[in-house]
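Asks: Handing you this structure, nothing more for now.
The values are calculated or read from the model by the stated rules, or taken from the named source; none is laboratory data. What you see is a predicted model, and the numbers here were worked out from it, not measured in a lab. Cβ placement follows ideal geometry from the backbone for every residue including glycine, while neighbour counts extend to all protein chains displayed.
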Amino acid sequence: MRHIFFAFFAVIFFLSLHEYAHAQDNAAYPKLAQIFAHVHDRNPSLKAAQEELSETRELYPQARAGWLPSLDAEASIFATTIENSNFSTGDGATTKNLSVNVNQPIIRGGRTFAETARARALIRAGEALLTQRMQEIYLQAAVAYADLYRDAEIWRLRQDNVDILAKELDAAQERYALGESTITGIHQAKVRYQRAQGALIEASADLESSEARFFEVAQMRPEGLFRPVYNVQFPDQLETIIQMAERQNPEIWIADYQQKAAEHNVDAVLRELFPQISAFANYNKQYDPQPGITEQSETQTIGLRATLALYQGGATRSRMREARRSAKRQWYEIQEIKNRIRQETTSNWHSYLAARRVTNSRQMEIESAVLALNGVREEARLGQRTILDILDADAELIEARIALANAQHDEVVSQFALAASLAMISPELSESAVSQ
């Protein structure tokens, strides 16, 4: 009974230790959410886009200033010399002057309303631009990581192939020494081995290039690699996907808000032709304006000012026509962007579906290649196959696995491209990516 209890305890202990070690290994692997969060904090292009949005947001307080008063103060000192004065004490003076001016717009013809509406539209366009830039950079990071994983997997397969062919070469040499094979079999094995070495060198170069590209985009070096999986659910119907893209794609938002801003700009320029009314007040004090005659003086002024633009050489009306043309042009650009987004979304959708089918096909190809290799090895053991047959079967299996790595890469890239069209890439949705 004690032996049974001890054995049970030992099994539980080792299982727990294995789970702990597995959890520690997974903890070292960067999830897509962690990569995206790192990109969000470190990518210089995204930081520049964030600063650009902050810059755009300053347009609103600038436009709102049209409702607020302006206040300025002025101080001056100047010398005055008067010749042939009837008052000898007032021949010259050093005058100190202080003044305060206040101006309060009352009616600007509705110009401030138009300018603030334009500023709000441009801010919305700036927010959409930041969203678009985030989707682009997240997509770049995801593609760079998918490239890195694919090239690492291909390098591993190439390395395994070199190891397998090295063993096949040793086996061919042993069979030749025993008189069971010819020198031709050794040469065939050497050719395959050297070819595999060259493919491994190319795979190493591709992997180094992918590592550099990933670091450029993500500003980090992953300590471990996992197969990127993005478990986002798309609608089954293409028409639904296109409707989502028209509602959610930030490029359409940008064009729409910029067109609205252009319309508000037309209104703002038109309002320059309307009457402008403002209140003003002024306080002025001078010291020693005329020594000996006037020691100091004060002037206080308050009033209303009305202005009406009558003629400016046609510049205002020309700017108004320009603004209308700009608004019309941007309306046409919205239609062009919508058509392009529909086409891109359709292309991404079909690419994603095709990539999924190719991945399934490659998986079945590997299953068949494994069975074929096992069969060839068994037939070779019975003397029915040659070394070349075994080498061919090994090569077919390696190429099938490399094709699967490429297919899985294309599937995840097309999935992210479709998600970017719908503005769906985010660190939160990427939490479903797991090590596989």
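Asks: For the structure I just gave you, tell me whether THR346 is within 26 Å of ALA172 (Cβ to Cβ), touching a residue at least 24 places away in the same chain (Cβ under 8 Å) and surrounded by 12 or more Cβ atoms within 10 Å (Cβ to Cβ). Talk me through it step by step, then tell me what you get.
Replies: Details: within 26 Å of ALA172 (Cβ to Cβ): no; touching a residue at least 24 places away in the same chain (Cβ under 8 Å): yes; surrounded by 12 or more Cβ atoms within 10 Å (Cβ to Cβ): yes.
No.
Asks: Give me the residue from the stretch 183-197 that is of a type outside the set (Lys, Arg) and touching a residue at least 60 places away in the same chain (Cβ under 8 Å) and, out of that set, nearest to ILE398 (Cα to Cα). Reasoning before the result, please.
Replies: Going residue by residue through the stretch 183-197, those that are of a type outside the set (Lys, Arg) are 183-189, 191, 193-194, 196-197.
Checking the rest, the ones that are also touching a residue at least 60 places away in the same chain (Cβ under 8 Å) come to 185, 188-189.
Details: GLY185: 20, GLN188: 18, ALA189: 16 Å.
Among those residues, the one meeting the criterion is ALA189.
Residues checked against (1) surrounded by 14 or more Cβ atoms within 10 Å (Cβ to Cβ); (2) touching a residue at least 40 places away in the same chain (Cβ under 8 Å); (3) among the small types (Gly, Ala, Ser); (4) part of a helix (DSSP H, G or I):
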position: THR131; (1), (2), (3), (4): yes, yes, no, yes
position: GLU136; (1), (2), (3), (4): yes, yes, no, yes
position: LEU139; (1), (2), (3), (4): yes, yes, no, yes
position: ALA144; (1), (2), (3), (4): yes, yes, yes, yes
position: ALA152; (1), (2), (3), (4): yes, yes, yes, yes
position: ASP170; (1), (2), (3), (4): no, no, no, yes
position: SER181; (1), (2), (3), (4): yes, yes, yes, no
position: ALA199; (1), (2), (3), (4): yes, yes, yes, yes
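Asks: Considering each residue of the stretch 238-254, count those that are crowded, with 20+ Cβ neighbours inside 10 Å and of a type in the set (Asp, Glu), and give that number.
Replies: Final tally of qualifying residues: 1.
Asks: Scanning for something surrounded by 15 or more Cβ atoms within 10 Å (Cβ to Cβ), in contact with a helix residue (DSSP H, G or I) (Cβ under 6 Å, 6 or more places away or on another chain) and among the hydrophobic types (A, V, I, L, M, F, W, C), does the stretch 303-326 turn up at least one residue?
Replies: yes
Asks: So, one more: Restricting to the stretch 374-421, what's the tally of residues that are touching a residue at least 24 places away in the same chain (Cβ under 8 Å), hydrophobic (A, V, I, L, M, F, W, C) and outside any helix (DSSP H, G or I)?
Replies: In the first step, residues of the stretch 374-421 are kept if they are touching a residue at least 24 places away in the same chain (Cβ under 8 Å); the result is 386-388, 390-391, 393-398, 400-421.
The next check asks that each one be hydrophobic (A, V, I, L, M, F, W, C); those that pass are 387-388, 390-391, 393, 395, 397-398, 400, 402-405, 407, 412-413, 416-420.
Within this subset, residues satisfying the condition of being outside any helix (DSSP H, G or I) are none.
Number of matching residues: 0.
Asks: Now a separate question. Evaluate the stretch 252-267: report whether one residue or more is of a type outside the set (A, V, I, L, M), closer than 24 Å to ILE402 by Cα and in contact (Cβ under 8 Å) with a residue 24 or more places away in the chain. Please lay out each step first, then the result.
Replies: First pass over the stretch 252-267, keeping only residues of a type outside the set (A, V, I, L, M): 253, 256-260, 263-265, 267.
The next check asks that each one be closer than 24 Å to ILE402 by Cα; those that pass are none.
Among the residues of the stretch 252-267, not one is of a type outside the set (A, V, I, L, M), closer than 24 Å to ILE402 by Cα and in contact (Cβ under 8 Å) with a residue 24 or more places away in the chain, which makes the answer no.
Asks: For the condition out of contact with any Asp or Glu (no Cβ under 7 Å at 6 or more places or on another chain) and surrounded by 16 or more Cβ atoms within 10 Å (Cβ to Cβ), what is the one hit in TYR257, TYR283? Show your work before the answer.
Replies: Numbers: TYR283 fails: surrounded by 16 or more Cβ atoms within 10 Å (Cβ to Cβ).
Step by step, each of TYR257, TYR283 is checked, and only TYR257 is out of contact with any Asp or Glu (no Cβ under 7 Å at 6 or more places or on another chain) and surrounded by 16 or more Cβ atoms within 10 Å (Cβ to Cβ).
Asks: Among the listed residues ILE334, ILE425, which satisfies the condition of being surrounded by fewer than 18 Cβ atoms within 10 Å (Cβ to Cβ), of a type in the set (A, V, I, L, M) and in contact (Cβ under 8 Å) with a residue 60 or more places away in the chain? Don't jump to the end; show me each part of the working.
Replies: On the way: ILE425 fails: surrounded by fewer than 18 Cβ atoms within 10 Å (Cβ to Cβ).
ILE334 is the lone residue from the list that is surrounded by fewer than 18 Cβ atoms within 10 Å (Cβ to Cβ), of a type in the set (A, V, I, L, M) and in contact (Cβ under 8 Å) with a residue 60 or more places away in the chain.
Asks: Among the numbered conditions (1) under 28 Å from GLU74 (Cβ atoms); (2) in a helix (DSSP H, G or I), tell me where LEU304 comes up short.
Replies: (2)
Asks: Now, a different point. Part of a strand (DSSP E or B), loosely packed, with under 11 Cβ neighbours inside 10 Å and modelled with pLDDT under 95 - does that describe any residue in the stretch 81-100?
Replies: Of the residues in the stretch 81-100, the ones part of a strand (DSSP E or B) are 81, 92-100.
Now drop any that are not loosely packed, with under 11 Cβ neighbours inside 10 Å, which leaves 81.
Still in the running and modelled with pLDDT under 95: 81.
Taking every residue of the stretch 81-100 in turn, at least one turns out to be part of a strand (DSSP E or B), loosely packed, with under 11 Cβ neighbours inside 10 Å and modelled with pLDDT under 95.
Asks: Sticking with this one: Yes or no: PRO235 assigned to a strand (DSSP E or B), modelled with pLDDT under 95 and either surrounded by 13 or more Cβ atoms within 10 Å (Cβ to Cβ) or within 30 Å of the chain's Cα centre (by Cα) (or both)?
Replies: Values: assigned to a strand (DSSP E or B): no; modelled with pLDDT under 95: yes; either surrounded by 13 or more Cβ atoms within 10 Å (Cβ to Cβ) or within 30 Å of the chain's Cα centre (by Cα) (or both): yes.
So PRO235 fails the test.
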